[in-house]
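Colleague: Questions regarding the structure given below will be posed in turn.
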Amino acid sequence: MLPGVSVRWASLSPRPQQSPLTAEWRSSLAPSDAVRLRAVRHPRQHALSVLAVVLLRLEAAGALGVEPLEVPLRWECPGCGAPDHGRPLVGGVGGVGGVGGGAPLGVSVAHAGDLAVVAVSTAGPVGVDVEVVPDGQDPADLRSWVRSEAALKATGEGLAGDAAASQAACAVHDLALAPAPPGVVAALAQLR
């Protein structure tokens, strides 16, 4: 793992009602999270999005030394600046809630299949991506894509960015989720 970076993942079970989305976990959601998550209509995708936000709040809270509901989490589209979609951001607003009293916490979220993965960095911008390998496909076929997407997230460019330039600007590593779920490839990138 990279210094200053933590990664946390969880999986929905085959039935969302048996997932780790317990009442205790759901209590980690802020009212602003609920408003944003209401837009996700498909039940399984909604459960996965809730799981990702809960994981992000829990991991960021640990890095900041605060309660999950105190994490200053917001979302922002790098293209249009809208708060209802885009990447997650933590801290750095008016010097509140960041690392060392103001610097933003680097955060990234990814989900695929039944998995949600979050990365939190006290050492700068970070990106994470995960993909489920379809039956019969070689995992190596997806590894390059996962590494590119993690780098694009770390640079803040998103999918509209230049993948080659983003990879050059980042330290990108294959990520082994532990215990590793079968048929999954993941990558972690940190801006140099």
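Colleague: Is it fair to say PRO88 is under 26 Å from VAL50 (Cβ atoms) and at pLDDT 80 or above?
Modeller: Yes; evaluated as a whole, the condition is true for this residue.
Colleague: Looking at the range 32-48, I want the residues that are of a type in the set (Asp, Glu) and have a partner that is part of a helix (DSSP H, G or I) with Cβ atoms under 6 Å, at least 6 apart or on another chain. Which pairs are those?
Modeller: Correct list of pairs: ASP33/VAL53.
Colleague: Can you tell me how many residues in the range 155-191 are modelled with pLDDT of 80 or more and assigned to a loop (DSSP other than H, G, I, E, B)?
Modeller: Total satisfying the criteria: 2.
Table: residues versus (1) under 16 Å from the mean Cα position of the chain (by Cα); (2) surrounded by 14 or more Cβ atoms within 10 Å (Cβ to Cβ); (3) charged (D, E, K, R).
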position: ALA30; (1), (2), (3): no, yes, no
position: ALA34; (1), (2), (3): no, no, no
position: GLU59; (1), (2), (3): yes, yes, yes
position: GLU70; (1), (2), (3): no, yes, yes
position: CYS77; (1), (2), (3): yes, no, no
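Colleague: Can you name the condition, by its number, that GLU131 falls short on among (1) modelled with pLDDT of 90 or more; (2) over 22 Å from SER6 (Cα atoms); (3) among the acidic types (Asp, Glu)?
Modeller: Single failed check for GLU131: (2).
Colleague: Out of curiosity, is VAL54 out of contact with any strand residue (DSSP E or B) (no Cβ under 8 Å at 6 or more places or on another chain) and either at pLDDT below 85 or part of a loop (DSSP other than H, G, I, E, B) (or both)?
Modeller: The answer is no for VAL54.
The values are calculated or read from the model by the stated rules, or taken from the named source; none is laboratory data. In this text, all values refer to a predicted model and were calculated from it rather than measured experimentally. Cβ atoms come from the backbone with ideal geometry, glycine included; neighbour counts cover every protein chain shown.
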